[in-house]
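The values are calculated or read from the model by the stated rules, or taken from the named source; none is laboratory data. Remember, predicted model here, so these are calculated numbers, not experimental data. Glycine also receives a Cβ, built like all others from the backbone with ideal geometry; neighbour counts cover every protein chain displayed. We work out accessible area using only protein heavy atoms, side chains counted, and drop any ligands, DNA or RNA first. Shrake-Rupley method; radii C 1.70, N 1.55, O 1.52, S 1.80 Å.
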Amino acid sequence: MAGNDNRQVIVVRDAAALAKSAADRLLARIAANDGRAAICLTGGSSPKQLYQLLATGPYRNRIPWEHVHWFIGDERFVPADDPRNNMAVARRLFLDRCAPVANIHPIPTDTTSPDEASRRYESELQAFYGAERLDPEKPLFDLVLMGVGPDGHTASLFPGYPAVAESVRWVVGVPEAHVEPFLPRVTLTLPALGSCREMLFEVAGAEKRAILTRVRTDENLPANRALAMGETVWLVDEAALPENFGGR
Ligand code: 6PG
């Protein structure tokens, strides 16, 4: 990472420490907002330990559930109860037990196409935000969780796809994925994801070392272009850490 952007790398021992650190940061972001907090969740396997932790007493009891709204940064275009549906995973692991249903904002997948789903979700986000244009002084989200895929994708923004260059739309349909599961997707765009006080990448395990090596060289990858208007934090565990990545 070049050091000429707002990113910082925090190294933690292992996946359990990573989930705890992410949970503490999430709580701090919620506590810093004395109105209505908005959290944008992510899919994949990386956030699962965090989601499980949020449902446990020490975290669950400190979250003012009535005041927190939960969104999702990208979705696989499968029914809401399909195990591959990202919001279904978050619901099963913590939201359904903890959050009021009106505060859970899934990307609708009962639409005729990913494009129609993207338009509906964009309207929902705009209604929540109270405007149709993002104000550089007013973040949409308090915290956006992110992961990085083996090809450098983040959310469902795959290298070389037009969605990565989108600068006006908040949400777009993605007809096919670059990696498994090979399903059409719906994704928030870089401007919408970046409209946040904090963007938090969670990266754990030795299989992430190769892509982190590429991230470090500032290669033009979607994950390298994802930057918050506030802080961008890469939480990395020791197994995923390439030599000379920084943050040690
Ligand atoms: C998805 C994701 C995706 C994910 C990365 C990392 O729907 O698959 O939102 O962007 O975050 O692929 O996935 P892992 O956490 O499984 O490595």
With each run of n ≥ 4 DSSP H residues scored as -39500 (n - 2.57), what mean residue ellipticity at 222 nm is computed for the chain after dividing by its residue count and rounding to the nearest 500 deg cm²/dmol? -7000 deg cm²/dmol
Counting only protein heavy atoms and a 1.4 Å probe, tell me what percentage of the chain's accessible area is made up of carbon and sulfur. 50 percent
Just to confirm, what accessible area per residue do you get for the chain at 1.4 Å probe, in whole Å²? 44 Å²
Taking every DSSP beta bridge that has both residues in the chain, what percent is antiparallel when rounded to the nearest 5? 25 percent
In nanometres, what is the gap between the two model label sites at Phe128 and Arg84, each 7 Å from Cα along Cα-to-Cβ? 2.5 nm
Could you work out which residue, out of Arg119, Arg62, Arg91, moves most in a Gaussian network model of the chain, that is, has the largest mean-square fluctuation with Cα springs under 10 Å? Arg62
Among DSSP beta bridges whose residues both lie in region 126-248, state the antiparallel percentage, nearest 5. 30 percent
